[in-house]
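Have a look at the structure below, then the notes.
The values are calculated or read from the model by the stated rules, or taken from the named source; none is laboratory data. Quick caveat, the model's predicted, so the values are computed rather than measured. A quick note on method: Cβ atoms are made from the backbone with ideal geometry, for glycine too, and the neighbour counts reach across all protein chains shown.
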Amino acid sequence: MQMIKVIIVDDEVNAIEIITAMCLEHSDRLEVVSTASKYLDAVEAIEKYNPDLVLLDIEMPTGSGFDILQYFERGGILPFYVAFITAFDHYAMQAIKHNALDYILKPVDRSEFDKMIGRVVKRYTTQRGSGTTSLKNFIKDVSKERLGLPTAVGTRYVPTSGIIRVEADGSYAKVITDEKETIVVCRMLKDFEQNLKKNEFLRVHRAHIVNMAHVVSFNKDEGNYLEMTNGDRIPVSRRDKDRVGDTINSWATTL
């Protein structure tokens, strides 16, 4: 079974030691081939060792983790998996745009780290076993289907097709999925509006975004509302009812 090559990038020596120790607990699958604490050292190590996974800090004195990713991205695709391990929670949306596999906050929780490694191993094994899909294309395909949700305890990755709707909740948002989950996310509704695909998701009210694939009906008799596949009724603002109706009709085939 081929080992997964790992590079750890962090400007704190103590953090590198802790993450290395956690990797050693998975020594049957992971091999830490190099560590780096500066931007240039990280770039050189990645070019030299061609890793499968980079565990990356964000804020560093000589260049950020995002600078490192931008150096290696070609057409928005990275040639390796990346998971952010950082003390800052406000970069999660930016991490999503770079198709990060995970976003773990320091101090690192061992169970969260182990779960992330489990996902890496599963995807790496699947990709290697297929024999037809390159790692770059595999990452690209996966990133198209999922959305990272920054929560109070880390980042949850869910299939966008499984998101029924998103509802504003003060300075937070609630994501309702077809798995009967309600995930509270540390972001405003406008952040979802900017990052969800415009041809699949529609803002129908100041407090609601819906997945058009989960719309069952548009009721105009008892007030303007959409009925969703889970039975939820979502209000449509009066001023937007024509726009919403036209958009849903154009998305679906109507008789």
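Here is a yes/no grid of residues against (1) of a type outside the set (Ser, Thr, Tyr); (2) in contact with a Leu (Cβ under 8 Å, 6 or more places away or on another chain); (3) not assigned by TED's automatic domain parsing to the domain that holds ILE77:
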site	(1), (2), (3)
ARG146	yes, no, no
ILE163	yes, yes, yes
ALA173	yes, yes, yes
PHE192	yes, no, yes
VAL204	yes, yes, yes
ILE209	yes, yes, yes
GLU227	yes, no, yes
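So, GLU47, is that one farther than 22 Å from GLU59 by Cβ, part of a helix (DSSP H, G or I) and over 24 Å from the mean Cα position of the chain (by Cα) or not? Criteria met by GLU47. Scanning segment 72-109 for residues being acidic (Asp, Glu) and over 14 Å from the mean Cα position of the chain (by Cα) gives a total of 2. The criterion of at least 2 residues that are touching a residue at least 24 places away in the same chain (Cβ under 8 Å) and in contact with a Ser or Thr (Cβ under 8 Å, 6 or more places away or on another chain) is met, among strands (runs of 3 or more DSSP E) falling completely within segment 157-255, by 163-169, 172-177, 182-185, 201-205. Would you confirm whether or not segment 30-39 contains a residue that is in a loop (DSSP other than H, G, I, E, B) and touching a Leu at 6+ places or on another chain (Cβ under 8 Å)? No: zero hits. Taking THR177, is it touching a Gly at 6+ places or on another chain (Cβ under 7 Å) and under 20 Å from GLY154 (Cα atoms)? So THR177 fits the description; yes. Taking segment 80-90 as the region of interest, how many residues are of a type outside the set (A, V, I, L, M), closer than 16 Å to ILE8 by Cα and not in a strand (DSSP E or B)? The number of residues fulfilling the criteria is 1. I'd like the full set of residues that are buried (at least 20 other Cβ atoms within 10 Å of the Cβ) and in contact (Cβ under 8 Å) with a residue 60 or more places away in the chain, limited to segment 79-89. Passing the criteria: only ILE85. Consider segment 54-71 and keep the residues that are surrounded by fewer than 21 Cβ atoms within 10 Å (Cβ to Cβ) and among the small types (Gly, Ala, Ser). The one that is farthest from the chain's Cα centre (by Cα) is GLY63.
Residues checked against (1) aliphatic (A, V, I, L, M); (2) at positive phi; (3) buried (at least 17 other Cβ atoms within 10 Å of the Cβ):
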{"site": "TYR172", "(1), (2), (3)": "no, no, no"}
{"site": "VAL185", "(1), (2), (3)": "yes, no, yes"}
{"site": "LYS190", "(1), (2), (3)": "no, no, no"}
{"site": "HIS205", "(1), (2), (3)": "no, no, yes"}
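Just one of (1) modelled with pLDDT under 85; (2) assigned to a helix (DSSP H, G or I); (3) over 16 Å from VAL120 (Cβ atoms) fails for ALA95. It is (3).
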